[in-house]
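Asks: Sharing a structure below in structure tokens format, with a few things to ask.
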Amino acid sequence: MRIRISHSTRYDYEAPARSILQVLRVTPRPHAGQQVVDWRLDADADVRLRWTEDAFGNIVHHLSTEQPVEQLTVTVSGEIATSDTAGVVTGAIERLPDEVYLRLTPRTRPDVRLQAFAREADPGPAAGTLARLHALMAALHETVAFDVGATDVGTGAAEAFEIGRGVCQDHAHIFIAAARSLEIPARYVSGHLVRADGEALQEAAHAWAEALAPDLGWVGFDPANGVCPTDAYVRVAVGLDYLDAAPVRGARNGGGAERLSVRVSVNETQASQSQSKRGASQSQSQSQSQS
């Protein structure tokens, strides 16, 4: 699939901000399931951008302003070619030992109720790690409803699980907390998703989790949708939790009150859609000729 992405974040300040410093994890890296066709990062103010890489292997841009600004818009856009790997991630840069992803964080620390949920959903080691992870995803998808506005960016896994509602970030945190409580390494993933209903405009980027399955390696699980990632997913950054993979984090000096607006557009390109239709047509023709 060919996926076109545009993700812009706009800040309007009550008074000129004297200085702004942001850390951007918005640039995807290639792996066996995706190739970066083109990608660019732009800002509409006088800024300095410094490229680096973090401990998880994510591409990171450090943005700093050169002079006071009243408004700043940061936009990333590009095209990614993806293929369906049934959620298995191979060829990605791995900087850290797998055991690091057993480490708990404030956002992924399970309480007694969440630990009990993980044990109840777990068919046991005899079933195999992959089956255990699928069972966990299915149980979580059924238990925690998707509800925009029920939580905020600071909500942890235990709190979201207790209220039984949340967004994709919460589903990912709960899955990670539950998997780690079962001694299975798991991590947070931020990225983008081509929605099944064809709606290109979205309120935010998407998030899911990856867990380590022996003999397969890292496998993606999207409990918010109850599926493993397909070629409709674009993987951008990973970490122990949201804070390590957040698209934008930063601080500023001055500026007064701030108004933030985010615009995300993710859609399959027309060329990709045409190829898919031709492929389906050829398959149908072959099937008819064999009948």
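Asks: For region 177-275, list the strands (runs of 3 or more DSSP E) that sit wholly inside it and hold at least 2 residues that are more than 22 Å from Ala32 (Cα to Cα); which are they?
Replies: Strands (runs of 3 or more DSSP E) meeting the threshold: 248-254, 258-268.
Asks: Moving to a separate point now. Taking the condition of being under 21 Å from Gln202 (Cβ atoms) and among the basic types (Lys, Arg), how many residues in region 1-55 meet it?
Replies: 5
Asks: Would you pick out the residues in region 183-220 that are surrounded by fewer than 22 Cβ atoms within 10 Å (Cβ to Cβ), among the hydrophobic types (A, V, I, L, M, F, W, C), touching a helix residue (DSSP H, G or I) at 6+ places or on another chain (Cβ under 6 Å) and under 19 Å from Asp241 (Cβ atoms)?
Replies: Leu212
Asks: Hey, another quick one. Would you please name the residue that is surrounded by the most Cβ atoms within 10 Å (Cβ to Cβ), looking only at residues in region 84-134 that are closer than 30 Å to Glu53 by Cα and charged (D, E, K, R)?
Replies: So, considering only residues that are closer than 30 Å to Glu53 by Cα and charged (D, E, K, R), the one surrounded by the most Cβ atoms within 10 Å (Cβ to Cβ) is Arg107.
Asks: Another question about this same structure. Name the single residue that is farthest from Pro229 (Cα to Cα) among those in region 10-46 being within 18 Å of the chain's Cα centre (by Cα) and buried (at least 21 other Cβ atoms within 10 Å of the Cβ).
Replies: That would be Leu24.
Asks: If you don't mind, another one. Given the residues Leu72, Leu102, which is the only one that is of a type in the set (A, V, I, L, M, F, W, C) and in contact with a Pro (Cβ under 9 Å, 6 or more places away or on another chain)?
Replies: Unique residue meeting the criteria: Leu102.
Asks: Hey, does region 70-79 have a residue that's crowded, with 19+ Cβ neighbours inside 10 Å, more than 17 Å from the chain's Cα centre (by Cα) and within 30 Å of Gly254 (Cα to Cα)?
Replies: yes
No lab work stands behind these numbers, since they all come straight from the coordinates. Keep in mind it's a predicted model, so treat the numbers as computed, not measured. Backbone-built Cβ (ideal geometry, glycine too); neighbour counts: all protein chains shown.
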